[in-house]
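Everything below concerns the one structure shown next.
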Amino acid sequence: QVQLVESGGGLVQAGESLTLSCAASGRAFNTYTVGWFRQAPGEEREFVAAISYSVTTTYGDTVKGRFTISRDNAKNTVYLRMDSLKPEDTAKYFCAASRYGTNWYNRNGYEYWGQGTQVTVSS
């Protein structure tokens, strides 16, 4: 069992940066793939980024080159550094963990979810 808690969201202006954290409790978190998703009101939950236990990373097309995912297994924490933020990045951001890492891009590939943290980017 894994519990996830996101933090670091807030209100920023376009062009600014923000770093989100996903703190995990539970055994063997360092063996899990962790993903970030986001969901704006009325929209589907969108894949943002993922990082495997071996630190392989992948990104959604809309954030590639602006966002960076990383992990610190000693702290059981995964980070999402977001640079050059745009108003269209406004959403609630969720982290999720997958024991088997078989489908990084789909929400159904993750067994555990946090409650989310709101990111709002003003123009």
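Name the single residue, out of those in region 11-51 being open to solvent by 20 Å² or more (accessible area, probe 1.4 Å), of a type in the set (S, T, N, Q) and at pLDDT 95 or above, that is farthest from the chain's Cα centre (by Cα).
Q13
I need a count of the residues in region 67-82 that are over 15 Å from L4 (Cβ atoms), touching a strand residue (DSSP E or B) at 6+ places or on another chain (Cβ under 7 Å) and open to solvent by 10 Å² or more (accessible area, probe 1.4 Å). Give the derivation first.
First pass over region 67-82, keeping only residues over 15 Å from L4 (Cβ atoms): 67-68, 70, 74, 81-82.
When the remaining residues are screened for being touching a strand residue (DSSP E or B) at 6+ places or on another chain (Cβ under 7 Å), the result is 67-68, 70, 81-82.
Among the residues that remain, those that are also open to solvent by 10 Å² or more (accessible area, probe 1.4 Å) are: 68, 70, 81.
Here the count works out to 3.
Could you tell me which residue of region 83-121 is most open to solvent (accessible area, probe 1.4 Å), considering only residues that are polar (S, T, N, Q) and in contact with a helix residue (DSSP H, G or I) (Cβ under 7 Å, 6 or more places away or on another chain)? Steps first, answer last, please.
Residues of region 83-121 polar (S, T, N, Q): 84, 90, 98, 102-103, 106, 108, 115, 117-118, 120.
Imposing the further condition that a residue be in contact with a helix residue (DSSP H, G or I) (Cβ under 7 Å, 6 or more places away or on another chain) reduces the set to 98, 102-103.
Values: S98: 3, T102: 117, N103: 65 Å².
In this case the residue turns out to be T102.
Checking V55 against (1) of a type in the set (A, V, I, L, M, F, W, C); (2) open to solvent by 40 Å² or more (accessible area, probe 1.4 Å); (3) modelled with pLDDT of 95 or more, which test does it fail?
(3)
The values are calculated or read from the model by the stated rules, or taken from the named source; none is laboratory data. Everything quoted here is computed from the prediction, not taken from an experiment. Every residue, glycine as well, gets a Cβ built from its backbone with ideal geometry; the counts of neighbours run over all protein chains shown. Please note that ligands, DNA and RNA were not included when accessible areas were found on the heavy atoms of the full protein model with its side chains. Shrake-Rupley method; radii C 1.70, N 1.55, O 1.52, S 1.80 Å.
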